[in-house]
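All of the numbers you see were taken from the coordinates with simple rules; none came from a lab. Note that the structure is a prediction, hence the values are computed from the model and not measured. A quick note on method: Cβ atoms are made from the backbone with ideal geometry, for glycine too, and the neighbour counts reach across all protein chains shown.
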Amino acid sequence: MIEQQRILTTAIPGPRSRELQSRKTAAVAAGVGTGLPVYVTDGAGGIIRDVDGNQLIDLGSGIAVTTVGNGNQRVVDAVTEQIARFTHTCFMVTPYEPYLGVCEKLNALTPGDHEKRSALFNSGAEAVENAVKIARHATGRQAVVVFEHGYHGRTNLTMGMTAKNMPYKHRFGPFAPEVYRVPMAYPYRWAGGPERCAEEALRTVTDLIHAQVGEENTAAVVIEPIQGEGGFIVPPEGFLPGLAEYCREHGIVFVADEVQSGFCRTGDWFASDHEGVVPDLITTAKGIAGGMPLAAVTGRADLMDAVHGGGLGGTYGGNPVACAAALASIESMEADDLAGRARGIGKILGDRLGSLAEKHPEIGEVRGRGAMVAMELVTDPATKEPAAALAAAVNKGCHDRGVVTLTCGTYGNVFRFLPPLSVGDDLLHEAMDVLEESMDAALA
């Protein structure tokens, strides 16, 4: 077990990491970027250790993946046992029980008590793409409605569904057709003000679908209940339930993309649970399997079973080792009440960031739920002009001081905090101290 302490033995990155980064430049395609080029050897709890012996506080969790923590003993034991038995057969050739176990858990844990089915895949993008396939097949319709600031992946279809051009879409087109984008209910930036956002956004969205797409042509509406890469945008109360009801009224499949927000991250098992929203289909990945590649589509049995035999699948989808990791991760979430832990983390982050916002008006808004929290930086609170340069400077300051932080947002001005739910309170407070020091330095 790594000592849960931030330790800086060299500058960040250290000499050994810089050597490895030179090898990366020579061997790896330039399009595969690296936000913080420290090369990791070990990780546990809220700490990752690099090749130079530095120990950094992890506020990223591999982008919301290591929710149960690196080195979670249940996951280690389950993966070790499974990998010694067999590593692959392809479920579509000769199946195995762990795949069934994951699907049964997903059917039980996801919102709603209706009859469900699940199918397993490799990545969040693959899950989203298969959700669209299922919705189109089941409805006989083609159009897919997505939202401004949304992020859904890097395949051709999911790039088309994603809002942000750079770096995700730039010069990669043409994209798949029949994808339509509508405004997101973004309270901080809604022209009519946050108090009018829910009602006005819902009316705007439904009017646009009716006039420009046609409900009878719309297979699915796909939305992140809390947007991830787009800036941790939390829609106002009432918007998601209203949107789900509109979809039900018109036979449109309501798809909740919970790739980043699922599995206890927001203080509930799924972000949809907060307002009792029951999606027709829900996509999951990231936190599902303790770092192993796994994703899923779960939904109404009539929709999932509408697809012909052989229409869903993939060689590696539901790999047995990944399934073993997922079952162990879910066991940890249940046994250790990680949803409750996420709420506790959210309280610490919210309090500390709120105090920091009182000191620095450049923090335009602190938002999020559970351990999915963000602050949006602006140059002027009156104009709300995005402060991307400030975000980059603060991010670098945190990195230099040994804290792994991530930025996001359509305008590059949002800090997102996604610590593993195994992180200790003392490390969270220390990380917030480092953040404050970095903010002070960037604004000096």
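One table, with the values for the structure above:
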item	result
Residue-by-residue Karplus 3J(HN,Hα) for region 80-93, coefficients 6.51, -1.76, 1.60, Hz, glycine and proline x	4, 5, 5, 5, 6, 7, 6, 9, 5, 9, 6, 4, 6, 9
Neighbour cut-off at most 15 other Cβ (10 Å), DSSP loop, chymotrypsin sites (Phe, Trp or Tyr not before Pro), region 124-185	F172, F175
Pairs from K169/K286; K169/K347; K105/K384 whose Cα-Cα separation, in the structure shown, is over 32 Å	K169/K347; K105/K384
Over region 74-335, volume per residue of the alpha carbon convex hull, in Å³	127
Fully extended contour minus Cα-Cα distance, from K24 to E385, at 0.36 nm per residue	126.4 nm
Spacing of the two label points (7 Å from each Cα toward its C-beta) at Y180 and T41, in nm	5.6
Cα centroid separation, region 368-444 to region 20-95 (Å)	23
GNM result for the chain, Cα springs below 10 Å: residue of A301, A371, A431 fluctuating most strongly	A301
